[in-house]
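I have placed the structure first, in the form of structure tokens, so that the comments after it can refer back to it.
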Amino acid sequence: MIAPSLETLLAAAVVGALALPLSARAEEPAPWVLSPDMGYGYTRDSKTFAYKMGTSNAKELFKGAKKVPKDTLFFLGANGQLYMRTGPFLEDDGSFKFGPDR
């Protein structure tokens, strides 16, 4: 079985965050709670899953995995496709560059 890349796992976590009700997203942004013993998957059917991971095959997990660059934003498009964009997504004052009032 091919292990999903770290990028894919983190993207799945974003999908979960984007699934929150709009009222929850309107509040102050909160850091993700990612656990080193969990894997997060985003399938070809646009479904998300969380998996409890073991350590016996950790070397296999890292084969083909890539670090997610800092300043990376994950989001769902209107077509339901998961996207990522690298580069700044905050204004100089710390506000979200792509917020609803922009």
Output the residues belonging to segment 54-66 that are over 29 Å from residue 89 (Cβ atoms) and either of a type in the set (Gly, Ala, Ser) or not in a helix (DSSP H, G or I) (or both). 54, 55, 56, 57, 58, 63
Which of the residues that make up segment 35-50 are within 21 Å of residue 76 (Cβ to Cβ), out of contact with any helix residue (DSSP H, G or I) (no Cβ under 6 Å at 6 or more places or on another chain) and not aliphatic (A, V, I, L, M)? 43, 44, 45, 46, 47, 49
Are any residues in segment 73-102 of a type outside the set (A, V, I, L, M, F, W, C), surrounded by 10 or more Cβ atoms within 10 Å (Cβ to Cβ) and closer than 27 Å to residue 47 by Cβ, and if so, which ones? 83, 85, 86
Give 69, 36 a once-over and let me know the one that is outside any strand (DSSP E or B) and open to solvent by 100 Å² or more (accessible area, probe 1.4 Å). 36
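The values are calculated or read from the model by the stated rules, or taken from the named source; none is laboratory data. Note that the structure is a prediction, hence the values are computed from the model and not measured. Ideal geometry is used to build each Cβ from the backbone, glycine not excepted, and the neighbour counts take in all protein chains shown. Note: areas computed on protein heavy atoms with side chains; ligands, DNA, RNA excluded. Shrake-Rupley method; radii C 1.70, N 1.55, O 1.52, S 1.80 Å.
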